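The values are calculated or read from the model by the stated rules, or taken from the named source; none is laboratory data. Model, not experiment: these values are computed from the prediction. In this analysis, Cβ positions are derived from the backbone assuming ideal geometry, glycine residues included, and neighbour counts consider all displayed protein chains.
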């Protein structure tokens, strides 16, 4: 059980996200709470993390996951692949114990799979159990999405229903778990 002060601290973070659509960093939390040192902030973050209400990245000094109270959704801060930016998403299918990337589709090569230019896909960083999934692969010095088909110990990359290459699991970044349609 959380104390009233711990709940209040959590609500401050949650309200900041709802107002600005970004998770607050350490300096912002310090300004909002008027704490003189970071020690109290670290203490509260640690308690909230132990209660699975948020996840704090101590290396980057930022919150990367927030469980929204009274809702089934979570807020996660997911890094873009190939960009130095983040995407904030509310989702009930993402697990805060897994690593994800956002990848922006650059062309219409996957139109037959329902993915078009400027769509965003959430990639779960995982190179296991990729059979018949859309996977992100480091291929010819760039990232590309392909349909995957496992044959014995080999993985075939499928493009427009034709096998174009064979790879190993180490070439796979992860697989698509969610599509975010861009209407721009």
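Filter region 7-31 down to the residues that are over 26 Å from the mean Cα position of the chain (by Cα) and buried (at least 16 other Cβ atoms within 10 Å of the Cβ) and list them by number. Step through it out loud before you land on a result.
Let us first name the residues in region 7-31 that are over 26 Å from the mean Cα position of the chain (by Cα), namely 8, 31.
Of everything in region 7-31, nothing turns out to be over 26 Å from the mean Cα position of the chain (by Cα) and buried (at least 16 other Cβ atoms within 10 Å of the Cβ).
Selection of region 107-133 for residues being closer than 17 Å to residue 85 by Cα and either free of Cβ contacts under 8 Å to residues at least 12 places away in the same chain or assigned to a strand (DSSP E or B) (or both) yields 120, 121, 122, 123. For region 49-98, the candidate set comprises residues that are in contact (Cβ under 8 Å) with a residue 40 or more places away in the chain and farther than 21 Å from residue 16 by Cβ; within that set, the residue that is surrounded by the fewest Cβ atoms within 10 Å (Cβ to Cβ) is 93. Applying the criterion of being under 23 Å from residue 100 (Cβ atoms) and in a helix (DSSP H, G or I) to the residues of region 32-59, the residue that is nearest to the chain's Cα centre (by Cα) is 49. Quick check on region 82-99. Is at least one of its residues in a strand (DSSP E or B) and either assigned by TED's automatic domain parsing to the domain that holds residue 44 or touching a helix residue (DSSP H, G or I) at 6+ places or on another chain (Cβ under 7 Å) (or both)? There is no residue in region 82-99 that is in a strand (DSSP E or B) and either assigned by TED's automatic domain parsing to the domain that holds residue 44 or touching a helix residue (DSSP H, G or I) at 6+ places or on another chain (Cβ under 7 Å) (or both).
Being under 28 Å from residue 66 (Cα atoms) and either surrounded by 16 or more Cβ atoms within 10 Å (Cβ to Cβ) or in contact with a strand residue (DSSP E or B) (Cβ under 8 Å, 6 or more places away or on another chain) (or both) holds for only one residue in 145, 157, 136, and it is 136. Evaluating residue 148 against the criteria (1) part of a strand (DSSP E or B); (2) more than 28 Å from residue 74 (Cβ to Cβ); (3) under 23 Å from the mean Cα position of the chain (by Cα) leaves one unmet condition, (2).
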